[in-house]
1. Here is a list: 757, 761. Which entry is surrounded by 11 or more Cβ atoms within 10 Å (Cβ to Cβ) and closer than 24 Å to residue 696 by Cβ?
2. Is it fair to say residue 151 is out of contact with any Cys (no Cβ under 9 Å at 6 or more places or on another chain) and open to solvent by less than 40 Å² (accessible area, probe 1.4 Å)?
3. For residue 346, work out the one condition from (1) open to solvent by 50 Å² or more (accessible area, probe 1.4 Å); (2) in contact with a Pro (Cβ under 9 Å, 6 or more places away or on another chain) it doesn't fulfil.
4. Quick check on segment 573-591: of everything there that is open to solvent by 60 Å² or more (accessible area, probe 1.4 Å) and touching a Gly at 6+ places or on another chain (Cβ under 8 Å), which residue is nearest to residue 514 (Cα to Cα)?
5. Kindly provide the set of residues from segment 944-968 that are in contact with a Lys or Arg (Cβ under 9 Å, 6 or more places away or on another chain) and within 13 Å of residue 983 (Cα to Cα), ordered by number.
6. Quick test for you: out of 979, 975, pick the one residue that is in contact with a helix residue (DSSP H, G or I) (Cβ under 7 Å, 6 or more places away or on another chain) and at pLDDT below 85.
7. Going by the structure shown, is residue 767 modelled with pLDDT under 85, of a type in the set (Val, Ile, Thr) and either touching a Phe, Trp or Tyr at 6+ places or on another chain (Cβ under 8 Å) or open to solvent by 70 Å² or more (accessible area, probe 1.4 Å) (or both)?
8. Would you point out the residue of segment 631-641, among those that are in contact with a helix residue (DSSP H, G or I) (Cβ under 8 Å, 6 or more places away or on another chain) and of a type in the set (Gly, Ala, Ser), that is most open to solvent (accessible area, probe 1.4 Å)?
Amino acid sequence: MSSVAVLTQESFNEHRSGLLPEKAKAAVAGTSGAEDEDSLPTYKDAFPPLPEKPLPEGVQETGNAWTTKIRPLKSSVITQVFHVPLEERKYKDMNQFGEGDQAKVCLDIMHKTGAHLELSMAKDQGLSIMVSGKHDAVMKARKEIVSRLQTQASATVAIPKEHHRFVIGKSGEKLQELELKTATKIQIPRPEDPSNLIKISGTKEGLEKAKHEILLISAEQDKRAVERMNIEKVYHPFITGAYNKVVGELMQETGARINVPPPSVNKTEIVITGEKEQVALAIAKIKKIYEEKKKNATTIAVEVKKSQHKYVIGPKGNTLQEILDRTGVSVEIPPLDSSSETVILRGEPDRLGQALTEVYAKANSYTVSSVSAPSWLHRFIIGKKGQNLAKITQQMPKVHIEFTEGEDKITLEGPTKDVQIVQGQIEAIVTDLISRMDYTEISVDPKFHRHLIGKGGANINRIKELHKVSVRIPPDNEKSNLIRIEGDPQGVQEAKKELLELASRMENERTKDMIIEQRFHRAIIGQKGEKVKEIRDKFPEVIINFPDPAQKSDIVQLRGPRTEVEKCTKFMQKMVAEMVENSFSVSVPIFKQFHKNIIGKGGANIKKIREETNTKIDLPAENSNSEMIIITGKKANCEAAKNRILAIQKELVRGLFVSIPSKLHNSLIGSKGRFVRSIMEECGGVHIHFPTEGSGIDAVTIRGTAEEVEKAKKQLLSLAEEKENGEANGEVKEPADPLVPKKCDVIVLSGRKERCEAAVEALKALVPVSVAVEVPFELHRYIIGQKGSGIRKMMDEFEVNIQVPAHELQSDIISITGLASHLDRAKEGLLERVKELQAEQEDRALRSFKLTITVEPKYHPKIIGRKGAIITQIRNEHEVNIQFPEKNDENQDQITITGYEQNAVAARDAIQAIVDELEEMISEDITLDSKVHARIIGARGKGIRKIMDEFKFDVRFPQSGAADPNLVTVTGRPEHVDEAIDHLLNLEEEYMADVVENEAKMAYMKPSGSTASSMEEPRGPSKGFVVREAPWATGNEKAPDMSSSEEFPSFGAPVTNARSSPWGPKRF
């Protein structure tokens, strides 16, 4: 029979001490003095031999190492079953067992703890939960099950306030252990809360267990005593002793804990805790020291300069402890906030002299001195990245060198001799720098600073390199106009002169926006920028910026000297006026077949017309179906060119009207114009125009050359005759007389004469008629509407047919066909619509008014507001569109406003008012402890937004990783900033009190130094598993050979008789 045991890491560590192999012999031989050999197990204890023969029945087996010495190994996985009664179940829905909220909770518990849960329902509808996993995981899962699947009860237990910390335990370990053990939640009141009630929540069973455990802890602490002694503060050093030696010895002798307040805390109370007898013994010893010192000690007062007190105290008070250790005399130093310079020595009379000598020696061992040096030289003395200063401090590390901003001195502090040496070195550096360096300050308006710096610092870096100087331009938030130049005297003067010239030029500089329609921009720029280059050459000091074509902006910006900008503006305005005058355009429809005649041989005709009329004439491409010739130039010239082109066409074109019954028009046109197109193509491209369908007009217009018109006429009449006299039922009809009305066109009325005449008039009234209305061609598309919706609406409303000419005809005539009674109303409706569209055009032109306002980019976010609230309000209030510059836009300070002129001006004034208010604002930096930042900001910034709204200011907190995490910037109007800073500082004081309390409360939660250090200590070399009296260590036996098949035979292999083995007799 075989058994299997699960070896856990814990049990493995218990059986293995981890000794290195090379040290094993030394350990067995006893060379290691650190380990007691008698405590090591013997070989037979650790590896007992198995019994030779089975025991007879009834004979009890004697205890051996296998049953008594080695502890059974426990499995690392345990299983526990918890039962939740029906009345305590949180989820009682029987229909959702295995699903719903209860199942989700179980899955969450398994995910969080790593334990495995299995649920089952008992007969009494109670819930049985089997939890499997590692011990810690099972205990955590149990706690979660109790809190989330079982209804909770609560109770309180009262124990003395001073016992609470023992319930919590070191680093909160005891409290966590209790909560896991009892599956409850235990709430202990805060230290500042006077209540002594501890609240427990959980199941009834858990409540009772937790109560019992807490009361046990309290009962144990009742056996301990706490005593407080009030002893004058001046005698505390004698009780603690130098470096706390005396108080340490007292605690070791008595076993009590003695807490003496540190020198920085102004308390006289000494607290002793421990067993009652230990506390009484400690009190007696402390009283003895106190009474002895009070009786024998005397004092002496001496005057020591306030600045030398810190040298007497020493780093962390070490010097005071050193004097106390050597002489047994306590040195009392007045507090820092006191102006007193009196130092009191207290101790045995015969020791005071020695202590006084040491005090004076320490006080005079250090000195403070200063070196006069202009503040502007400080950074040159320090050197780049502190190189100059590092050389001095490396030689004299004990000397502290302090530079105070704005003061013309350098403070030195350290040993007297070292300070004198350093002082001489710095004075030599200062003298050298003053002899070869100079500085000056110039005043320049802050708005020009960024232009002085240039793009990417190009301007200022060039000046620095050229003149070998350092130039400091104040940042925007300083609102200062002073620029400081430092360096070689000659370089300083040259840099000053150049910067003042630049500033003077900028003060005279002007930026002007010209409104030029975007369609003219390309013409002004010219091919490859040739024309704009001519303008720039003519006005070299003026910078001309055209907007990006994608922005569809009409604003061209000019920047440069005032007079030059004005001259350039007038020149460009004249150029644009000429372009506007020359940009009149007219389209002339010319038959496609006549275009070659317009061009002439080798382009002679078109070239002559262009030159004589000074116009630009564009003809459509040969493969285009368009017949329109576009003429561009001055209006009078365009009209002259148009007349000349039409005259050429008139000479070539002959117009002819052919009367063909309207009923045949559709059949002559053919499917998709097949028949009429073939006639036009065959006859050299004549133009054949049929009247509108349903108009009742028989006249068909043919235009083209005389010869081609005649040819087309014959073909058209022939085709019409064929259609009219087409074969019907196999019989050929005789040609009809066009003057005789057809039978199908005759309506016969019969009845009384007067009634028949009335009926005739009524029938005539039903015959549709047409009327032509002149409507500007550019409005046709608005009348038609989107997908013809506009014109369909009018036709339905007035019960007429409205025919709009084709786009290529460029005609202004719209034809209305319908009953005579409807035509007048339809015409009026159409003309009314035309008036509306013209009014809309005028309104659109008025709404397109644009103006720009220059605003520094740093103010743009403030004008936009949170989530665009402010700019949206301005847009809605003034009904304008406000466009801010894009990220890659060259003019980042230009804001464009579009709308009615008066609205745009009002919106500009509103934005300017915001800018004026922002410019009046100031920024101040304050120090707020970073620990309270999150509390001031609040959840999702609600707290700080409320404060900002109340005090009307803006605040910026430092980002993570900032050099000074406590630095907060407050911006707003001066009166609001002062109020806001006071409020923030009050909040800091209030919240810091809570922070200090929380830190005091959580102090016990921090791991102790000893624990942390022990965790970090590297493990020593492993010693391995060592036994005594091993077979290979006694007599002549050797350790078994691992490679020997005799010592370690394979299963199934034949075995030969061999000598007895150290492992015992073989049984194969």
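The values are calculated or read from the model by the stated rules, or taken from the named source; none is laboratory data. Keep in mind that this is a model prediction, so the values were computed, not measured. We place every Cβ from the backbone using ideal geometry, glycine too, and count neighbours over all the protein chains shown. Note: areas computed on protein heavy atoms with side chains; ligands, DNA, RNA excluded. Shrake-Rupley method; radii C 1.70, N 1.55, O 1.52, S 1.80 Å.
1. Details: 761 fails: surrounded by 11 or more Cβ atoms within 10 Å (Cβ to Cβ).
Result of the check over 757, 761: 757.
2. Working: out of contact with any Cys (no Cβ under 9 Å at 6 or more places or on another chain): yes; open to solvent by less than 40 Å² (accessible area, probe 1.4 Å): no.
Criteria not met by residue 151.
3. Failing condition for residue 346: (1).
4. In the first step, residues of segment 573-591 are kept if they are open to solvent by 60 Å² or more (accessible area, probe 1.4 Å); the result is 573-574, 578, 580-582, 584-585.
Those left that are additionally touching a Gly at 6+ places or on another chain (Cβ under 8 Å): 582, 584.
On the way: 582: 20, 584: 22 Å.
Here the answer is 582.
5. Once the filter is applied, which keeps residues that are in contact with a Lys or Arg (Cβ under 9 Å, 6 or more places away or on another chain) and within 13 Å of residue 983 (Cα to Cα), segment 944-968 yields 952, 953.
6. Numbers: 975 fails: in contact with a helix residue (DSSP H, G or I) (Cβ under 7 Å, 6 or more places away or on another chain).
One residue alone meets the criteria, 979.
7. Working: modelled with pLDDT under 85: yes; of a type in the set (Val, Ile, Thr): yes; either touching a Phe, Trp or Tyr at 6+ places or on another chain (Cβ under 8 Å) or open to solvent by 70 Å² or more (accessible area, probe 1.4 Å) (or both): yes.
Yes, satisfied.
8. For segment 631-641, the residue satisfying everything is 640.
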